[in-house]
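First up is the structure itself, then whatever we jot down about it.
The values are calculated or read from the model by the stated rules, or taken from the named source; none is laboratory data. This structure is a prediction, so every number in the text was calculated from the model and none was measured. We place every Cβ from the backbone using ideal geometry, glycine too, and count neighbours over all the protein chains shown. Heads up: the accessible areas ignore ligands, DNA and RNA and are worked out on the full protein's heavy atoms, side chains in. Shrake-Rupley method; radii C 1.70, N 1.55, O 1.52, S 1.80 Å.
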Amino acid sequence: MNEGNLFFLLRAWLWLRRKARPTDVQWNLAMAVVVGVMGAGLGLLFKQATLVLQKMLTGGAGAGLAAFAQLPPWQRVAIPTVGGLLAGLTLMLGEKFVRQRPTEYMEAITLGDGRLPVKSSLYRSLAAMLSIASGTAIGKEGPLVQLSALAASVLGQVRKLPPARRRLLLACGAAAGVAAAYNAPIAAALFVSEITVGSLAMESLGPLIFASVASIVTVHIFSDASPLYRLEHFALPHWTELVCFCVVGIACGLMAALFLAMLEQFKKWFRKVTIPLAGKLALGGLLVGLIALAHPEVTGNGYDVLKSLLHGETVLRPGEWLWQAVLLILLARMVATSAAFGSGAVGGVFTPTLVVGACTGSLCWLAFAQLFPDLRIDQAGFATVGMGAVLAAATQAPFMSILMIFEMTLSYEVMIPLMLASVIGYYTFRGFGMHSLYHHGPPDAYDIFNRPLETLTVADIMQTEPRTIGPQAGFGEVAGQFLAGGFDRQYMVGPDRRLLGVVRLEDLAEHLHSRALAAAFIAGDIAHDNPPSLDTRTPLPEALVLFIHEHEDELPVVRAGTGELAGTLTRNDLLLTLAEAGKRTAPHH
Amino acid sequence: MAVSVNLDLVAVDAADAIRQLATSLAPMPGVVDGVRLVADVLAREAVLTTYVGDGVALPHARTDAVTVRVVAVARSNAGVAFGPKGERAHLIVLVGCPRQDVSAYLTFSKLLLRRLRLPKVRAELLTVKEPARFLQLLELNDEAPAGSAAS
């Protein structure tokens, strides 16, 4: 490109930027849509791939509980065991060859800086597919959401977004995944907002809703659009019946606590078993398989069981549900999922949690139906409310739970008892002082947001890879970099990378009408000398003072002593870090 | 701002022209280091030519050798080889600027170059006899010549 063209382009681009520059919010919304479509696409692919794998592992018997139940007993034991072994081997090989600390999407949003490690996420997804396809009692939605979040994280890193916006984009990916997995876009946006971002501010909620909508629209284009568990005929409850739902709420809160305690206990037991990971997962699979000998209902994430509970028919044998059967399934499911999860299998516990809730609700209904023969609400209603209440308790996110169940069933009548029981379940669980399903253990020391503020320096939060330019670069090169980049500063460095000056886009903007000027000037002519800069060792509060003093949005960071350019820091990143660190440390003081 | 005018420059090459123009500025107020001024403009010219076409060159530098902007204008009837392909400059404007003032430097250079791009102005600059008129054409007249070389 010759100088004249470059010059014209830069002028046109600057004009466009001034006239039509998308605000950060508009940009975030646009990215959210991209992430939403990607997330849905990946989700559909993951589901298809798992189905294919399932057919291979079961020798073509097909997917679903009915197919699994028809397998000969030895296969019912063998398949989850072999699947666990394969998944475990995948994890072991992954850990050996990919030296990368795996991070769950929840953790990356709440604690991290919005970066998900790519390789470890991929091999863990493969392991999850093996576990799920072999019938291990674990949810398939978790890994699906992880993949969607991963795509968003990669996009954020490719676009070189600052940490705060990377986190938002990652959250959008998670919301897109949840929307696609459960056909529940409203709950998806709220789920991520409530659990991971921890606020309902429009700055984050807006992009999350865009991502959810884009995702669900994509899913509707390519596959079935019906709600997961549609409910028929549900009478608005009489006020006396609401008392029954209060009991359901309490029961669900207790059951959620029991379920989570079991998950923890199995994790502890498996930690004590000193065999390789593949052995542990095989052991977990074997346990699931053994339970499946008597109760095939425990395999998979529990979708089929849920459907049958909500439609009041037993899943494998025709007839009504008996309380003994429901109780057995409840206990077997809790043990099986705990075994699978505790062994280290990669997968979610979301749908298994719903099964626990549906069983608890059904048990309550069976009891109340005996006590009050003229109860108008059927088992499906109680099962639905139970799902919501256990979910609200276990996740400690009642809004999300209420909306999620509403979207899954599309029954408005269910809302009133659902809201009541969910909130009661939430408070009941909270009384135990336990951590929720999505709590993350003690935060890692590596995570900058959890270090004491006093120990943080500019080097911890700066962006490395600053845009540099040599002092002898012609105007064409400077203009070209500005055109390609979308940034407002270029840092002029000498051959030893010492910071010499700053070229400001706004300086050029005023003088773009003179083409001759461009011909006669180089970076060294237009750079500001001795720019204000931060030291890598500068403490954050001190950095803030400089930002306020200089009225700059971005400052260069030089290495202490050498004057070498190490990176850049934006005011926005600094403020977000200070706010976040303040939020984390506040309760402890 | 200090301005010097030389309407009859004779120089063997760009470096010679720059040396002559910068040296003419040395005694002026605002120039703290005449030798340094010459060296800085020469060093800048060595990086990338300041020949801008149409027989015009704008050797310049931001330098600590001056505390105010200084300008030396010159005309060479024979022309001085300035451009990368040996293009000859007939109108040479040397600008020395204090280091800190990037924006004013660019604004000033831009106005100067804008005048020099007009064919009418250039034509008159090449023929005019009066230094005052020469400066007026470049819109430098309000900055009265602090000293003027032979014309």
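Can you run phi through the Karplus equation (6.51, -1.76, 1.60; θ = phi - 60°) for the stretch A:563-571 and list ³J(HN,Hα) in whole Hz, with x for Gly and Pro?
x, 6, 6, 9, x, 9, 9, 9, 4
Enumerate the calculated ³J(HN,Hα) couplings along the stretch A:412-426 in order (Karplus 6.51 cos²θ - 1.76 cosθ + 1.60, θ = phi - 60°), each rounded to whole Hz, writing x wherever the residue is Gly or Pro.
6, 4, 6, 4, 5, x, 4, 4, 4, 5, 5, 5, 5, x, 4
Can you give the average number of partner chain beta-carbon atoms within 10 Å of each beta-carbon in peptide B:99-112, as a whole number?
4
Normalised by the residues of the stretch B:2-145, what does the relative contact order come to in percent, with Cα pairs under 8 Å and at least six apart?
For the stretch B:2-145, the relative contact order is 26 percent.
Determine the dipole magnitude for the stretch B:2-145: charges of +1 sit on the beta-carbon of Lys and Arg, -1 on that of Asp and Glu, nothing else is charged, the reference point is the Cα centre, and the result goes in debye to the nearest 20. Write out the running numbers ahead of the final one.
Numbers: 17 positive and 15 negative charges, 75 e Å.
Dipole size: approximately 360 debye.
Give the accessible area for A:LYS307 in Å² (nearest 10); use a 1.4 Å probe, count only protein heavy atoms, and leave out ligands, DNA and RNA.
About 70 Å², rounded to the nearest 10.
DSSP beta bridges in chain B, what fraction antiparallel, as a percent rounded to 5? Numbers along the way, then the final one.
Numbers: 11 of 21 bridges.
Here the antiparallel bridges make up roughly 50 percent for chain B.
If the elastic network links every pair of Cα atoms under 10 Å, which of B:THR107, B:THR49, B:THR63 fluctuates the most in the Gaussian network model of chain B?
Maximum among the listed residues: B:THR107.
Treat each spin label as a single point 7 Å out from the Cα along the C-beta direction, and report the A:GLN70 to A:ASP488 distance in nm.
Label at A:GLN70, label at A:ASP488, 6.7 nm between them.
When the convex hull of the C-alpha atoms of the stretch B:2-145 is computed, what volume per residue in Å³ does it have?
94 Å³
Using a 1.4 Å probe on the protein heavy atoms only, what accessible surface does A:TRP27 show? Give it in Å² to the nearest 10.
90 Å²
So how much accessible area does A:LYS268 have, in Å² to the nearest 10, using a 1.4 Å probe?
Result for A:LYS268: roughly 100 Å² accessible.
Taking 22 Å as R0, compute the FRET efficiency from the Cβ-Cβ separation of A:ARG159 and A:ASN5 and round it to 0.05.
Numbers: r = 26 Å, r/R0 = 1.18.
The formula returns an efficiency of 0.25 here.
Taking the alpha-carbon set of the protein assembly as shown, what are its Rg and Dmax in Å?
In Å, with Rg to one decimal and Dmax whole: 36.2, 120.
How do A:ILE329, A:ILE291 rank by accessible surface area computed with a 1.4 Å probe, from largest to smallest?
Working: A:ILE329 10, A:ILE291 35 Å².
If we order A:ILE329, A:ILE291 from most to least accessible, we get A:ILE291, A:ILE329.
For A:ASP496, A:ASP378, A:ASP573, B:ASP16, write out the residues from largest to smallest accessible area, computed with a 1.4 angstrom probe and no ligands counted. Kindly include the intermediate steps, with their values, before the conclusion.
Working: A:ASP496 90, A:ASP378 65, A:ASP573 10, B:ASP16 35 Å².
From most accessible down to least: A:ASP496, A:ASP378, B:ASP16, A:ASP573.
What does the highest-first list of A:409-418, A:81-90 look like by mean Cβ count within 10 Å? All intermediate terms of the calculation are to be shown ahead of the outcome.
On the way: A:409-418: 19.9, A:81-90: 25.0.
Descending mean neighbour count gives A:81-90, A:409-418.
Using the Cα centre of chain A as origin and beta-carbon charges of +1 (Lys, Arg) and -1 (Asp, Glu), tell me which of A:GLY563, A:THR81, A:LEU505 is placed farthest towards the positive end of the dipole.
A:THR81
Averaged over peptide B:56-62, how many Cβ atoms belonging to another chain are found within 10 Å of each residue's Cβ?
For peptide B:56-62, the averaged partner shielding equals 3.
Using +1 at the C-beta of Lys and Arg and -1 at the C-beta of Asp and Glu, which of A:ILE186, A:SER125, A:ALA137 has the Cα lying farthest in the positive direction of the dipole of the stretch A:88-192?
The one lying farthest along the dipole's positive direction is A:SER125.
Taking the Cα centre of chain A as the origin and placing charges on Cβ (Lys, Arg +1; Asp, Glu -1), which of A:PHE547, A:ALA393, A:THR90 is farthest toward the positive end of the dipole?
Result: A:THR90, furthest along the dipole toward the positive end.
Could you tell me what percent of the DSSP beta bridges with both partners in the protein assembly as shown are antiparallel, to the nearest 5?
The answer is about 65 percent antiparallel.
Per the Kirkwood formula on distinct C-alpha pairs, the Rh of the stretch A:389-442 is how many angstrom?
About 11.3 Å for the stretch A:389-442.
Going from most exposed to least, what order do A:LEU363, A:LEU371, A:LEU517 have by accessible area with a 1.4 Å probe?
From most accessible down to least: A:LEU371, A:LEU363, A:LEU517.
With 28 Å as the limit, write out which pairs from A:LYS47/A:LYS272; A:LYS47/A:LYS119; B:LYS85/B:LYS110; B:LYS85/B:LYS120; A:LYS96/A:LYS272; A:LYS160/A:LYS268 have Cα-Cα distances beyond it, or answer none.
Pairs exceeding 28 Å: A:LYS47/A:LYS272; A:LYS160/A:LYS268.
If you count, for every residue in A:521-528, the Cβ atoms of partner chains within 10 Å of its Cβ, what is the mean? Intermediate results must be reported in sequence, preceding the final value.
Numbers: counts 10, 4, 2, 6, 12, 5, 2, 4.
Other-chain Cβ atoms within 10 Å of each residue's Cβ, averaged: 6.
If packing is taken as the mean number of other Cβ atoms within 10 Å per residue, what is the order of A:148-156, B:2-10, highest first?
A:148-156, B:2-10
So what are the ³J(HN,Hα) numbers for the stretch A:26-37, from phi and the Karplus equation (6.51, -1.76, 1.60; θ = phi - 60°), rounded to whole Hz, Gly and Pro as x?
For the stretch A:26-37, the Karplus-derived couplings read 4, 5, 4, 5, 4, 5, 4, 5, 4, 5, x, 5 Hz, x marking Gly and Pro.
How many nm separate the modelled label positions at B:LEU42 and A:ALA369, each set 7 Å beyond the Cα in the direction of the Cβ?
10.3 nm
Where does helix A:540-550 land angle-wise versus the long Cα axis of chain A, in degrees 0 to 90, nearest 10?
Once rounded, one gets 50 degrees.
222 nm [θ] for the protein assembly as shown, helices only, -39500 (n - 2.57) per DSSP H run of 4+, per residue, to 500?
-19000 deg cm²/dmol
Taking the Cα centre of the protein assembly as shown as the origin, how large is its charge dipole in debye, to the nearest 20, when only Lys and Arg (+1) and Asp and Glu (-1) carry charge on their Cβ atoms?
1240 debye
Taking both sides together, what accessible area is buried at the A/B interface, probe 1.4 Å, expressed in Å² and rounded to the nearest 100?
Summing both sides, the interface buries roughly 1700 Å².
Quickly rank A:280-287, B:41-48 as a protection proxy: mean count of other C-beta atoms within 10 Å, highest first.
A:280-287, B:41-48
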